[in-house]
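Step one of this worksheet: look at the structure below.
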């Protein structure tokens, strides 16, 4: 019995380490050829043709100083230091008779004022540039320089903003308001030696939707949305609307023009006009930005900006100095209807393009 067990153990060890015991797959020539061809034709990552795409990236840092005072030796509360950041990213697709343009525009800046010139509870750091724009446009060429186009644009702000330096609650926030335009129309483009870019857009069918997603601001009727309703005792009956839809016509105009032959100094103008033709005929909004740019180095330039703005839904707030019963000088708040608003400043910029 012992000899049988010993023989069985030897056979198991020999079989386990024998090359014959290892599994081997034997294929014929046709099968091997098929496997090689299958391996060559196996699924590979899809190739995306990017030759029709072009991208642009621009970053600017701007520093501006404004000093206004009746006293030559002492600044006033209108003197401030401003630092702004600008980022413009574009991705464009152009092929034969079609083009697709996409833009992300971010502007964010801060204003610093001398705290000693402000009220004790006022903030000396506030938001200056506060802008976010997402825009896409798809066009099909009709004739030379004219395209049939569909355009969609969303404009809002990034940070909360306040009416005054000592205000506790913001009067505007992200998407409160946020304005979305969706229009169908035509565009005209032109360029020459001195006119770097001329673009005119006309959208006779345009949906303009204003969103106010903060309920407190919606109840106040921000940007023309329906205000909240209250009874005689001040109890809330109905909250304000979170959106307002208007149909109208939108026109846009942009030009970049070189003033000098060497193209060292230029001016660009961006104009946008929307007019309501359904709910309140003739009412609308207008934005215009004009910039004069003077390069003084490879990446350094001097820029003068002029802004014009008119929104029929805006209330213009003005403060006037008056004397109370105690003989003290105080600022009195006055609310007026919509009016043309202006802003201008000069800044020194550091610019990078990619």
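Which of the residues that make up segment 133-155 are without any contact (Cβ under 8 Å) to a residue 40 or more places away in the chain and under 21 Å from the mean Cα position of the chain (by Cα)? If you could, list the steps in order and put the result at the bottom.
In the first step, residues of segment 133-155 are kept if they are without any contact (Cβ under 8 Å) to a residue 40 or more places away in the chain; the result is 133-136, 143-144, 148, 150, 152-155.
Selection gives 133, 134, 135, 136, 150, 152, 153, 154, 155.
Which residues, counting only those in segment 140-161, are within 30 Å of residue 110 (Cα to Cα) and not in a strand (DSSP E or B)?
Kept after step one, since they are within 30 Å of residue 110 (Cα to Cα), are these residues of segment 140-161: 152-161.
Hits for segment 140-161 are 157, 158, 159, 160.
Evaluate segment 177-188: report whether one residue or more is in a strand (DSSP E or B), within 30 Å of residue 296 (Cα to Cα) and either under 23 Å from the mean Cα position of the chain (by Cα) or in contact (Cβ under 8 Å) with a residue 24 or more places away in the chain (or both).
Let us first name the residues in segment 177-188 that are in a strand (DSSP E or B), namely 178-188.
With the extra rule that they be within 30 Å of residue 296 (Cα to Cα), the set shrinks to none.
No, segment 177-188 has no match at all.
Mind listing whichever residues of segment 189-223 are part of a helix (DSSP H, G or I) and at pLDDT below 95? Reasoning before the result, please.
Kept after step one, since they are part of a helix (DSSP H, G or I), are these residues of segment 189-223: 215-219, 222-223.
Result: 222, 223.
Confirm whether residue 330 is more than 24 Å from residue 222 (Cβ to Cβ) and modelled with pLDDT of 95 or more. Quick ask: steps written out before the conclusion?
Details: more than 24 Å from residue 222 (Cβ to Cβ): yes; modelled with pLDDT of 95 or more: no.
Considered against the rule, which asks whether it is more than 24 Å from residue 222 (Cβ to Cβ) and modelled with pLDDT of 95 or more, residue 330 comes out as no.
Are any residues in segment 224-249 in a strand (DSSP E or B) and without any contact (Cβ under 8 Å) to a residue 24 or more places away in the chain, and if so, which ones? Explain how you work it out, then say what you get.
Within segment 224-249, the subset in a strand (DSSP E or B) is 229-230, 236-238, 243-249.
Within segment 224-249, 229, 230, 236, 237, 238 qualify.
Each row is one residue, and each column tells you yes or no for (1) in contact with a helix residue (DSSP H, G or I) (Cβ under 7 Å, 6 or more places away or on another chain); (2) loosely packed, with under 15 Cβ neighbours inside 10 Å; (3) part of a strand (DSSP E or B).
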{"site": "251", "(1), (2), (3)": "no, no, yes"}
{"site": "261", "(1), (2), (3)": "no, yes, no"}
{"site": "272", "(1), (2), (3)": "no, no, yes"}
{"site": "282", "(1), (2), (3)": "no, yes, no"}
{"site": "308", "(1), (2), (3)": "no, no, yes"}
{"site": "314", "(1), (2), (3)": "no, no, no"}
{"site": "322", "(1), (2), (3)": "no, yes, yes"}
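The values are calculated or read from the model by the stated rules, or taken from the named source; none is laboratory data. Everything quoted here is computed from the prediction, not taken from an experiment. Please note: Cβ atoms are built from the backbone with ideal geometry, for glycine as well, and neighbour counts cover all protein chains shown.
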